[in-house]
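What follows is a single structure, written as structure tokens, with notes after it.
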Amino acid sequence: MNINKQFKNVLKLANTRTARSSLIIFAASIFAALLSFVVAYFASRLLGPSDYGRLAIANAIIAIVVGVTDFGLATTLVKHTSHRLEDRLKTAPFFQTVFCIELALGLLILIACLFTNQIADLLGGQQLRIPILAGLLTAFFLSINAYTNAVLQAYGKFKTMAILNSAFAALRTGLFLLLVAASMVTLSTTLAVNFSVAVVVLIVGLIIIPRTRVKTSWVAKKHAAVEIFHFSMWLVLSFVINSILARLDILMISKFTNPEEVGYYAAALQLSSFMPLLLASFSTVLIPKVTSLPDDEVISYIKKVLTGGVLAIIALSPFILLSDPLIHLAFGARFSQSTQIFQILFISYALVLLVNPASFIFYKFNKPKLLTAVNLITASTQVLLYIIFIPNMHGRGAAIALLLNTLISLVVIYGLLYRLLRKQGIIGVPHA
């Protein structure tokens, strides 16, 4: 009876605006992922495991740098502006301050380019110098573009975000296929395509975002900066940790093994990439909703998260059984070592469906400090697990470490969430 009730709640949730917006973002992300698979299909075959691994290292640099320089500013901007967009005098200082911060962070990325040789030595040798430099330069443009995504999210323009993401993915794929047709696919030309698309992404994004068209005083910007710092000071550490951990596996495999092993792992990661896209789609839409969720709906929200997550895991489970033919189809026989890695990664990502949506409750109660504490705990355990498993088990060891750490996150998140809800008086008897 209880199961039927929860299932009806899931069906009801599916008809909400939140679910429809999530579906739009997810559909665009799936489209972009499919185009990414087209690129991966040819790149893996034409570059081979070693150069494909070097390409993965460049992409890891991009993901880490863009994530770190986000600083939680997108979430902060949504928190302070999404509910009062009509009051431009109050919201304009936040938009303008965040943009200035993103520009400053972009400058730091350019400074980091001066230390490319040292970074290459740290990650495995000078053969990685070009991929690292290309990654940093690409990250410069994408980091500033994070502001445009934050603005669109704050204004609830999810369809625009979906269209832009799809268009940019199509542009990247089109340029890469031109290289394929001209027999010009090399590591350098592939990196050049990624860089070119990043430049276009920033230009178009800055043109298309809504303008506040309000002049603000230095005092107003200073006040906005103080509020941003007050809310995001814990998010900064949280985002830095999560961003580094998101691709630390690639970098540590590179450090302890070689680009070929990175290539095997990157192929499995690529094939399982639609799972993080699913999570990101829900996150984009849920954060604005959960931050304004009434107290009496919190328990219902958590139940829907658990029920929906379990149903999603069951629905996605056949992919584990089809992993071997999927790897061979997508990357070819040379990447057969990626099969078991994919299976482990897929299980790990599936479990995250139960973790991330529930963690947004911390934002509602303005408790980013608790989320940062969780990230510090899981970051420590994940690095430790990587050090234990990667040197001897390579890519498979990284996948096992990620799975074990996801289980730890699941226990810690729900433990702290239970304690928080008791303290708020939402469940049980509140503490005195």
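Could you tell me whether any residue of the stretch 265-274 is modelled with pLDDT under 70 and of a type in the set (S, T, N, Q)? Let's see the steps before the verdict.
In the first step, residues of the stretch 265-274 are kept if they are modelled with pLDDT under 70; the result is 274.
Next cut, of a type in the set (S, T, N, Q) only: none.
No: zero hits.
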Q.
Going residue by residue through the stretch 320-329, is there one that turns out to be surrounded by 15 or more Cβ atoms within 10 Å (Cβ to Cβ) and under 20 Å from the mean Cα position of the chain (by Cα)?
A. no
(Q) Cβ-Cβ distance below 8 Å, separation of 6 or more or different chains: which pairs start in the stretch 29-42 with a residue that is more than 19 Å from Leu164 (Cα to Cα) and end on one that is modelled with pLDDT of 85 or more and not in a helix (DSSP H, G or I)? (A) Phe42/Val185
Q: Provide a single number: the residues in the stretch 131-157 that are at pLDDT below 85, of a type in the set (Gly, Ala, Ser) and closer than 30 Å to Leu47 by Cβ.
A: 1
Q. List, please: which pairs have Cβ atoms under 6 Å, are six or more places apart or on different chains, and start with a residue in the stretch 128-157 that is farther than 13 Å from Ala74 by Cβ and end with one that is of a type in the set (Lys, Arg)?
A. Pro131/Arg54
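Go through the stretch 168-182 and give me each residue that's touching a residue at least 24 places away in the same chain (Cβ under 8 Å), surrounded by fewer than 20 Cβ atoms within 10 Å (Cβ to Cβ) and of a type in the set (A, V, I, L, M).
Let us first name the residues in the stretch 168-182 that are touching a residue at least 24 places away in the same chain (Cβ under 8 Å), namely 168-173, 176-177, 180.
If we keep only those that are surrounded by fewer than 20 Cβ atoms within 10 Å (Cβ to Cβ) too, we end up with 168, 170-171, 177, 180.
Correct list: Ala170, Leu171, Leu177, Val180.
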Q. In the list Ile64, Ile24, which residue meets the criterion of being among the β-branched types (Val, Ile, Thr), part of a helix (DSSP H, G or I), modelled with pLDDT of 80 or more and on the phi < 0 side of the Ramachandran plot?
A. Ile64
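Kindly indicate which of Thr173, Thr190 is within 21 Å of the chain's Cα centre (by Cα), farther than 24 Å from Thr212 by Cα, of a type in the set (S, T, N, Q) and in a helix (DSSP H, G or I). Can you show your working first?
Details: Thr190 fails: within 21 Å of the chain's Cα centre (by Cα).
Answer to the check: Thr173.
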(Q) Condition first: part of a helix (DSSP H, G or I), in contact (Cβ under 8 Å) with a residue 40 or more places away in the chain and among the aromatic types (Phe, Trp, Tyr). Can you find one or more residues in the stretch 97-118 that meet it? (A) yes
Q: For the stretch 197-210, state whether one or more residues are under 21 Å from the mean Cα position of the chain (by Cα), in a helix (DSSP H, G or I) and closer than 30 Å to Ile390 by Cα.
A: no
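The values are calculated or read from the model by the stated rules, or taken from the named source; none is laboratory data. Source: prediction; values computed, not measured. Backbone-built Cβ (ideal geometry, glycine too); neighbour counts: all protein chains shown.
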